[in-house]
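J.: Got a structure for you, questions after.
The values are calculated or read from the model by the stated rules, or taken from the named source; none is laboratory data. Just so it is clear, the structure is predicted and the values come from calculations on it, not from any experiment. Positions of Cβ are generated from backbone atoms using ideal geometry, with glycine treated the same way; all protein chains shown enter the neighbour counts.
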Amino acid sequence: MDPSWLSNAYLVADERDGTAVFVDSGAPLEPLLQAVEEWGVTPTHVLRTHGHQDHVVHEGELGLPVVTSALSTGGLGIEAIPTPGHSDDMVCFVVNGELVFSGDTLFKDTVGGGDVEQIRRSVMNVYMAMPHERRVLPGHTDETTIGREWEENPFVRVWRGVEPEGTEPVRVGEEEATLVVWSPDYDGKGKAWVRFANGRDAIVGGSRVERS
């Protein structure tokens, strides 16, 4: 994990044949390259969840093909599923049906900022349809599972209809708004779904929200 961006980079390998892939490259590579040596594996590709700088900055140093689509390499079967909302190019990668790399769409306790309806569809129609025991490895900070987020993620709970939308009046910049959902976020500043007076919804960083 990068100490300033808090962005993750991963190495995942098949124990049987030693084939490996990197997932994103926005964190220091030394621990991952050390693992390549210790495990005796051969990386073949870099999987890119999306093109934001904090996820691609070290791609060129790896010298491997960068892919954003489905891939079969050695014993790794990798499914790529579009999950737009945080960015138009966002995809998640499901590896051997066991775990999913979620980029900046689904995190422990929260979701990515961006277009609310697109984020909702990506989270509820893609992620929440996955097996609840599946591990979720996000683009920032802590691992989680689909089942945990189904039960505990404040956004998911509202989208499921088990919690009501909030009604707290807040300010976002110079605009009056209603706080629909507040959740923890990986940076410690919170994440908010807000609804402005004109009916427009947005998911924004908590530091932008002024609560009374």
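J.: Within the range 36-61, track down each residue that is over 22 Å from the mean Cα position of the chain (by Cα) and crowded, with 16+ Cβ neighbours inside 10 Å.
T.: Correct list: Val36, Val41, Pro43, Thr44.
J.: Could you say which residue among Pro3, Pro31 is on the phi < 0 side of the Ramachandran plot, not assigned by TED's automatic domain parsing to the domain that holds Asn153, not polar (S, T, N, Q) and not in a strand (DSSP E or B)? Quick ask: steps written out before the conclusion?
T.: Numbers: Pro31 fails: not assigned by TED's automatic domain parsing to the domain that holds Asn153.
Result: Pro3 is the single residue among Pro3, Pro31 that is on the phi < 0 side of the Ramachandran plot, not assigned by TED's automatic domain parsing to the domain that holds Asn153, not polar (S, T, N, Q) and not in a strand (DSSP E or B).
J.: OK, next. State all residues of the range 39-67 that are part of a strand (DSSP E or B) and in contact with a Leu (Cβ under 9 Å, 6 or more places away or on another chain); if no residue qualifies, say none. Before you say what the answer is, go through the steps one by one.
T.: Restricting attention to the range 39-67, the residues satisfying the condition of being part of a strand (DSSP E or B) are 42-47, 66-67.
Listed by number, the residues that qualify are Pro43, Thr44, His45, Val46, Leu47, Val66, Val67.
J.: Of all residues being modelled with pLDDT of 95 or more and of a type in the set (Asp, Glu) in the range 143-174, which is nearest to Phe101 (Cα to Cα)? Just the residue, please. Quick ask: steps written out before the conclusion?
T.: The initial filter retains those residues of the range 143-174 that are modelled with pLDDT of 95 or more, namely 143-172.
Narrowing further to those that are of a type in the set (Asp, Glu): 143, 149, 151-152, 163, 165, 168.
Numbers: Glu143: 10, Glu149: 14, Glu151: 20, Glu152: 19, Glu163: 27, Glu165: 29, Glu168: 34 Å.
Within the range 143-174, the match that is nearest to Phe101 (Cα to Cα) is Glu143.
J.: Being under 19 Å from Gly97 (Cα atoms), out of contact with any Phe, Trp or Tyr (no Cβ under 7 Å at 6 or more places or on another chain) and not acidic (Asp, Glu) is the filter; apply it to the range 1-21 and report the residue that is surrounded by the most Cβ atoms within 10 Å (Cβ to Cβ).
T.: Here is the first cut: in the range 1-21, the residues under 19 Å from Gly97 (Cα atoms) are 10-21.
Within this subset, residues satisfying the condition of being out of contact with any Phe, Trp or Tyr (no Cβ under 7 Å at 6 or more places or on another chain) are 12, 14-21.
From what's left, not acidic (Asp, Glu): 12, 16, 18-21.
On the way: Val12: 21, Arg16: 8, Gly18: 15, Thr19: 19, Ala20: 22, Val21: 25.
The qualifying residue surrounded by the most Cβ atoms within 10 Å (Cβ to Cβ) is Val21.
J.: Are any residues in the range 130-155 in contact with a helix residue (DSSP H, G or I) (Cβ under 9 Å, 6 or more places away or on another chain) and of a type in the set (Gly, Ala, Ser), and if so, which ones?
T.: Gly139
J.: From the list Glu176, Glu210, Glu149, exactly one residue is outside any loop (DSSP other than H, G, I, E, B) and crowded, with 16+ Cβ neighbours inside 10 Å. Which is it?
T.: Working: Glu176 fails: crowded, with 16+ Cβ neighbours inside 10 Å; Glu210 fails: crowded, with 16+ Cβ neighbours inside 10 Å.
Going through Glu176, Glu210, Glu149 in turn, the sole match is Glu149.
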